[in-house]
Ligand code: ADP
Ligand code: MG
């Protein structure tokens, strides 16, 4: 069997069986690993890789944006668990003929992101690759053990919310793939994710927030992960999905499906969370978009359009 048949999830499942985390440590399965520092505090550790040809095309991406994004996508995983980002490590595999200016700009983009989120880069590794660029960042953050939020703790009846627009980055990718003009604002969303660890920490400070994760692979795929981890299901009212007016207009003009982009486009880097129904009060309404609720249909998402069941044929992004 090849990895394309086994799938990313199949391999991760295998690793999870092979490498059980020690007591009091949370390992494979959530946005970050969680390691106790003391009775009160925990380290949060996450790693993400950007690969030329898979995540970016060198001729389409500026090295400054790429450097920025390599930090931002990891900040998103720390925010997803309610933490504050602290320390980063950079591993690079690059071809011999890569331009020095390209690398200096990459480092400038990383520095900009590190300053924005108060992250210190403390080390890494640099090696030669045959052809493509591989850029991996490991990020360490921390929070109080009381406050960590997980993806496996959603409860039936919870209100399901997202913290930002869906499909802006996916729209940007469409503009890049189809090589059409006037997509600056979407391309910006694609190259410059804007995770919000302050919001993550504020949400995590509330007991009534039951489960939380970030959306990196599209709502459809990431919500499925949350539901499988929590052994429950969800109803999503598609007319409540936060899709920007601009995206709706562009989709109309270009004949793109806004729902497909919002559900499968990926790289939104906002938060997906569930909140106890009776606690979904004004303070949450002001900051979040409620899009549905949690059900007992394990692993299943039921999409509705104005209350009527909607059959969607969605094609999630898959690495294999
Ligand atoms: P995210 O999109 O939040 O970064 P992923 O979907 O990449 O998370 O990974 C899901 C979980 O699987 C995480 O807990 C991650 O640490 C773990 N994981 C992914 N790839 C590997 C691997 N090669 N070895 C061990 N654990 C892995
Ligand atoms: Mg994540």
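The values are calculated or read from the model by the stated rules, or taken from the named source; none is laboratory data. Here the structure is a predicted model, which means the values were calculated and not measured. Counting neighbours? That spans all protein chains shown, and the Cβs are built from the backbone with ideal geometry, glycine included.
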query = With (1) surrounded by fewer than 24 Cβ atoms within 10 Å (Cβ to Cβ); (2) within 14 Å of ligand 1 (Cβ to nearest atom) as the list, and residue 218 as the residue in question, which single condition is left unmet?
reply = (1)
ask   = residue 225 is checked against (1) assigned to a helix (DSSP H, G or I); (2) more than 16 Å from ligand 1 (Cβ to nearest atom); (3) touching a helix residue (DSSP H, G or I) at 6+ places or on another chain (Cβ under 9 Å); (4) more than 21 Å from residue 186 (Cβ to Cβ) and fails just one. What number does that condition carry?
value = (2)
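Could you please let me know if residue 86 is more than 15 Å from ligand 2 (Cβ to nearest atom) and either closer than 24 Å to residue 164 by Cβ or in contact with a helix residue (DSSP H, G or I) (Cβ under 9 Å, 6 or more places away or on another chain) (or both)?
On the way: more than 15 Å from ligand 2 (Cβ to nearest atom): yes; either closer than 24 Å to residue 164 by Cβ or in contact with a helix residue (DSSP H, G or I) (Cβ under 9 Å, 6 or more places away or on another chain) (or both): yes.
Yes, satisfied.
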message = Quick check on the range 116-136. Is at least one of its residues in a helix (DSSP H, G or I), at pLDDT 95 or above, more than 16 Å from ligand 1 (Cβ to nearest atom) and surrounded by 13 or more Cβ atoms within 10 Å (Cβ to Cβ)?
response = yes
Hits in the range 69-109 - residues which are in a helix (DSSP H, G or I), crowded, with 22+ Cβ neighbours inside 10 Å and either under 19 Å from the mean Cα position of the chain (by Cα) or free of Cβ contacts under 8 Å to residues at least 12 places away in the same chain (or both) = 69, 70, 71, 72, 73, 74, 75, 76, 77, 78, 79, 80
ask   = Cβ-Cβ below 8 Å, separation at least six or inter-chain, first residue in the range 221-245 and over 16 Å from residue 311 (Cβ atoms) and within 16 Å of ligand 2 (Cβ to nearest atom), second assigned to a helix (DSSP H, G or I) and at pLDDT 95 or above: which pairs?
value = 221/264
note = Those residues of the range 182-220 which are touching a strand residue (DSSP E or B) at 6+ places or on another chain (Cβ under 7 Å), part of a loop (DSSP other than H, G, I, E, B) and more than 15 Å from ligand 2 (Cβ to nearest atom) amount to 208
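Of all the residues that make up the range 41-68, how many are in a helix (DSSP H, G or I) and surrounded by fewer than 24 Cβ atoms within 10 Å (Cβ to Cβ)?
First, pick out the residues of the range 41-68 that are in a helix (DSSP H, G or I): 63-68.
If we keep only those that are surrounded by fewer than 24 Cβ atoms within 10 Å (Cβ to Cβ) too, we end up with 63-66, 68.
So the answer is 5.
Within the range 23-40, can you find the residues that are assigned to a loop (DSSP other than H, G, I, E, B) and either within 15 Å of ligand 1 (Cβ to nearest atom) or touching a helix residue (DSSP H, G or I) at 6+ places or on another chain (Cβ under 7 Å) (or both)? Explain how you work it out, then say what you get.
Keep residues of the range 23-40 that are assigned to a loop (DSSP other than H, G, I, E, B), which gives 23-25, 27, 29, 31-32, 37-40.
Answer for the range 23-40, where residues must be assigned to a loop (DSSP other than H, G, I, E, B) and either within 15 Å of ligand 1 (Cβ to nearest atom) or touching a helix residue (DSSP H, G or I) at 6+ places or on another chain (Cβ under 7 Å) (or both): 25, 27, 29, 31, 32, 40.
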note = Among residues of the range 156-181 being part of a loop (DSSP other than H, G, I, E, B) and either free of Cβ contacts under 8 Å to residues at least 40 places away in the same chain or out of contact with any helix residue (DSSP H, G or I) (no Cβ under 8 Å at 6 or more places or on another chain) (or both), the residue surrounded by the fewest Cβ atoms within 10 Å (Cβ to Cβ) is 181
inquiry  = Scan the range 5-19 and tell me whether some residue there is within 13 Å of ligand 1 (Cβ to nearest atom), at pLDDT 95 or above, closer than 17 Å to residue 193 by Cβ and assigned to a helix (DSSP H, G or I).
reply    = no
